[in-house]
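*Asks:* Quick one: this structure, given as structure tokens, is what I'll be asking you about.
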Amino acid sequence: MISHSNATRMVFYLALIGGFALTVLGLWQQWGGATSFALKGGYLPDYSISFIVIGVMIELLSRIVGLNRLVLGGIVACIIAILTNTTWPLLVTVWFALSSYLLGRIVLTLLKINKDKQSNITAALVGAGAYGTVVGLLAHFPINYPALYGMALAVPIIFEWRTLVDVVRYFSKHLTQPSEFKWLDLVIALVALVHFSVALMPEVGHDALAVHLFVPGHLLSRHEWGFDVTTYVWAAMPMMGDWIYSIGYMMGGETAARMINVGFIFVLGWLIRDLVIWAGGNALGTRWATLLFLTTPLTFTESNTLYIESIWTAFIIAGSLSVFKLLQSNNDQSEHLPVAGFLLGGALALKAVTLAILPVFLLMLLWKYGTWAQRKLSSYLLLGLVLFFAVGIIPYVTAWYLTGNPVFPFFNKLFQSQFYSDIENFTNTLYQSGFTWDVLYQATFYTGKYAEGSAGTPGFQWMLLFFPALLVLLLSKKYRGVILFTVAILSIFLTFQSQSYLRYVFPSFVWVATGIGVALSATKYTNADFYKKTLSIIVGIVVLLNLIFFKSGTSYGTLSIEPLMSPSGRESYINSRLPIRSAIKMLNQINILRTPVAVFSQPLTAGLNADALYPNWYNPQFNEKVLGATTSDAIAQMLLGEGVDYIILDSTWGNVNNRNAIENATHSLAELGEISVRKINSNYQFQVELLKNPNFSSQEGWVLPADMPDHSLGDIAVSVSSNAYQAVPVEAGRRYQNSVTAQCPDRPTQGRIQVN
């Protein structure tokens with residue numbers, strides 16, 4: 001029971017007033033009226049009116065047919081997919097989700113874990129982790145074809161088809177039931193539709209086109225990933241997220257990969273529900289927490305372009321839930337130890353930043369060691385450790401084997417890999433603000449120090465809800481909610497010691513949203529209507545502010561009808577927004593030998609059917625060679641030495657002298673806005689004559705018929721029966737120019753030149 005003492009109310013009031021005062025101050029310092037700026041189009045999504053109309057339609061339809069609004073939101077998503085010709089990518093995404101769930105149940109059964117005691121989401125994540133692990137192993141071999149991936153997705157359905165029937169029955173029975181939280185369901189459905197619809201747009205994000213779509217593209221075109229750290233310094237980093245995206249990309253292209261990313265955002269929404277219920281919350285709390293998470297601008301940052309934090313956070317959150325359940329003395333720890341090991345191992349295989357969060361879980365396990373450190377659980381503890389290392393250590397062992405550094409290129413001063421300078425460790429100079437006493441304020445309003453976004457990217461719950469909700473949790477003795485807040489802050493603190501980057505603490509956004517949902521649930525079981533109503537009002541205000549600043553964390557999150565309705569519209573959008581993607585398409589058509597392409601531009605080359613050579617930190621050796629080639633002759637010879645025939649040049653790349661040297665060594669094949677596709681001039685390519693005595697000044701090098709007459713005049717007479725030849729050594733992947741001058745000795749006629 002929450003006390004209604006004056007002291008309690010005073011603390012609560014102070015938390016509220018302080019949060020609002022700091023929010024107003026932060027907004028005013030940034031723009032002096034930022035909310036009005038946002039409403040005029042600064043950040044407010046330009047498609048808001050369309051989704052309001054859709055919301056009205058969903059509400060009317062719900063009242064007519066009596067269906068749940070969330071279900072109707074799913075139906076609208078299917079209609080949008082049909083209208084935008086993305087039905088197949090949607091089916092691939094659903095196929096992957098169902099196969100992951102069924103495979104997860106198979107894996108749990110093989111591990112002798114009662115699959116019926118695990119949630120459906122846990123089973124699906126186990127299956128997705130198994131798929132990602134297998135793809136990561138297959139990537140070493142040239143066997144990655146759509147047919148193989150299709151068979152892999154079909155196998156669980158064949159063996160578990162009865163379970164699939166049960167799933168369909170479950171959804172048809174439960175998800176069509178009306179809900180008492182009509183307006184919350186409607187808003188959740190609309191925000192989810194925004195996330196889904198933007199995922200149908202062409203990819204224009206930097207990290208996606210440089211890495212997270214580049215890797216799947218290579219798997220599709222080359223059928224393997226080279227793990228070549230001399231060409232891509234990140235080639236041996238943990239990439240389970242990219243392996244999972246590769247499944248969607250292999251079967252349904254770019255859109256399927258983007259849908260899988262958004263699918264994991266929705267998985268996090270379901271995990272929030274499970275966490276709220278575990279912490280003692282109710283259905284109202286689960287909906288508010290889910291809505292708060294989905295409206296957070298950072299969540300939209302993660303969903304509108306292909307990052308991997310959605311997948312990584314899903315594994316972290318599901319793993320944390322298993323750890324939390326381990327701490328309960330009334331639980332069956334034998335079921336949760338192996339699952340926690342598998343899920344956290346998957347998180348480690350997804351992102352090395354997991355190492356900064358694992359100590360938090362370790363502290364919790366040590367705190368309540370009596371619940372799991374028992375002799376009867378020793379075999380399950382061992383199984384959990386085996387699964388953790390079996391799943392999580394693979395990318396680190398791979399990197400160690402290939403480079404001598406398990407976390408290449410980081411800490412190379414310690415490991416001294418020959419593939420990277422060991423003079424100093426690889427570091428990212430961005431986002432080094434650390435964990436300060438005012439970190440919540442700084443991150444909310446001076447976001448540029450913590451992420452690529454602008455003010456408002458973390459959402460306004462940190463300023464307006466964090467302390468009031470924490471106070472309610474303490475007063476109502478909802479200590480599991482307090483644990484969620486504690487884990488979130490400790491994770492931020494430890495992660496920010498190395499790099500204060502918001503994307504790296506995305507799991508903390510889930511834990512805090514969940515804790516707020518528990519606080520809202522707590523008020524329902526008391527007589528303190530004041531706290532219940534006040535918190536509900538504040539959450540509503542935060543959701544509204546988050547929606548106003550929804551696009552503050554990205555410049556990618558646009559929704560346009562033109563690229564969704566036709567291939568030509570998509571092509572036009574890409575040409576106007578990111579012409580380098582059109583350049584990649586052109587290069588795939590003309591670079592038939594798939595020789596390396598030098599990219600003097602941003603490294604946005606996803607889909608390129610050849611290696612990309614970047615003059616930046618991705619490829620330090622090539623970067624040094626480019627810096628050392630200051631003339632046209634030098635740059636041409638350097639590129640030829642790398643086997644390059646074609647280049648991409650951005651008119652804004654480097655300085656004028658660099659660009660002039662490159663332009664003089666090449667000629668333009670196409671101009672696409674600021675991007676040009678160029679080819680090395682032939683006078684640089686064919687400077688060395690490989691034939692000996694091409695003018696027949698002597699016989700050296702040639703094999704001639706014994707009866708051939710004197711050829712000192714510089715020509716010889718040949719025929720089919722009396723021919724001349726010379727063997728010339730050639731290298732694979734290089735171009736050669738063949739030229740022959742021939743004439744008939746007595747009259748004009750047709751001839752044939754044959755080069756073997």
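*Asks:* Express in % the proportion of alpha carbon pairs of the stretch 139-251 at distances exceeding 18 Å.
*Replies:* Of the Cα pairs, 67 percent sit more than 18 Å apart.
*Asks:* Normalised by the residues of the chain, what does the relative contact order come to in percent, with Cα pairs under 8 Å and at least six apart?
*Replies:* 14
*Asks:* Nearest 500 deg cm²/dmol is fine: what mean residue ellipticity at 222 nm does the chain get from its DSSP H runs of n ≥ 4 alone, each adding -39,500 (n - 2.57), divided by its residue count?
*Replies:* The helix-only estimate for the chain comes to -18500 deg cm²/dmol at 222 nm.
*Asks:* Let me ask something else about it. How large is the translational diffusion coefficient of the stretch 596-637 in µm² per second when you combine the Kirkwood radius over alpha carbon pairs with Stokes-Einstein at 10 °C and 1.306 mPa s?
*Replies:* Estimated via Stokes-Einstein, D reaches 145 µm²/s.
*Asks:* Right, here's the next one. Along Cα→Cβ, 7 Å out, is where each label goes; now give me the distance between the ones at I158 and S719 in nm to one decimal.
*Replies:* 6.5
*Asks:* Something else: Based on the mean of other beta carbon atoms within 10 Å per residue, what is the order of 71-77, 150-156, most packed first?
*Replies:* 71-77, 150-156
*Asks:* Using only the alpha carbon atoms of the stretch 637-684, find the Kirkwood hydrodynamic radius as the inverse mean reciprocal pair distance, in angstroms to one decimal.
*Replies:* Averaging 1/r across every pair of different Cα atoms and inverting gives 11.0 Å.
*Asks:* Excluding residues fewer than 8 places away in the same chain, name every one of the aspartates and glutamates whose C-alpha is closer than 18 Å to that of K679.
*Replies:* D611, D633, E642, D645, D650, E663, E671
*Asks:* Please give me, ordered by residue number, the trypsin sites (Lys or Arg not before Pro) of the stretch 68-152 that lie in loop per DSSP and have at most 16 other Cβ atoms within 10 Å.
*Replies:* K112
*Asks:* Among the aspartates and glutamates, select those whose C-alpha is under 12 Å from the C-alpha of K115, and discard any that sit fewer than 8 residues away in the same chain.
*Replies:* Partners found: E335.
*Asks:* A further question on this structure: For the chain, what class follows from the C-alpha gyration tensor (a ≥ b ≥ c being the square roots of its eigenvalues): rounded when a/c is under 1.5, otherwise prolate if a/b is larger than b/c, else oblate?
*Replies:* Prolate, because a/c is 1.5 or more and a/b exceeds b/c.
*Asks:* Need the full-extension length gain, T109 to H140, defined as separation in residues times 0.36 nm minus the C-alpha distance. One decimal, nm.
*Replies:* The T109-H140 span can extend by a further 8.3 nm.
*Asks:* Summing +1 for each Lys or Arg and -1 for each Asp or Glu, what net charge is found among the other residues whose Cβ lies under 14 Å from the Cβ of K182?
*Replies:* 0
*Asks:* Could you check the spin-label model distance between D707 and M57? Points 7 Å from the Cα along Cα→Cβ, value in nm.
*Replies:* It is 8.7 nm.
*Asks:* What do you get for Rg/Rh over the stretch 633-756 if you use C-alpha atoms and the Kirkwood form of Rh?
*Replies:* With Rh from the inverse mean 1/r over Cα pairs, Rg/Rh is 1.14.
*Asks:* Average the reciprocal distances over every distinct pair of alpha-carbons in the stretch 398-463, invert the result, and give the Kirkwood radius in Å.
*Replies:* Computed over Cα pairs of the stretch 398-463, the Kirkwood hydrodynamic radius comes out at 14.1 Å.
*Asks:* Taking the Cα atoms of the stretch 572-661 alone, what are Rg (to one decimal) and Dmax (as a whole number) in Å?
*Replies:* Over the stretch 572-661's Cα set, Rg and Dmax evaluate to 13.0, 38 Å.
*Asks:* Same structure, new question: Mind running the shape call on the stretch 268-314? Use the C-alpha gyration tensor, a ≥ b ≥ c as the square roots of the eigenvalues: rounded below 1.5 for a/c, prolate if a/b tops b/c, oblate otherwise.
*Replies:* oblate
*Asks:* Using label points projected 7 Å from each Cα along Cα→Cβ, tell me how many nm separate N664 and L474, to one decimal.
*Replies:* Label at N664, label at L474, 7.1 nm between them.
*Asks:* How much of the DSSP beta bridge set in the chain is antiparallel, as a percent to the nearest 5?
*Replies:* Restricted to the chain, the bridges split so that about 65 percent are antiparallel.
*Asks:* Let me ask you something else. Express in nm, to one decimal, how much length is gained between A283 and Y446 on full extension, taking 0.36 nm for each residue of separation and deducting their alpha carbon distance.
*Replies:* That pair, A283 and Y446, stretches by 55.2 nm at full extension.
*Asks:* Can you pull out the GluC sites (Glu not before Pro) in the stretch 596-701 whose DSSP state is coil and whose Cβ has at most 12 other Cβ atoms within 10 Å?
*Replies:* Answer in residue order: E689, E700.
Laboratory data are not the source of any read-out in this text; all were calculated from the coordinates shown. None of these values were measured; they are calculated from a predicted model. Don't worry about glycine lacking a Cβ; one is built from the backbone with ideal geometry, like all the others, and counts go over all protein chains shown.
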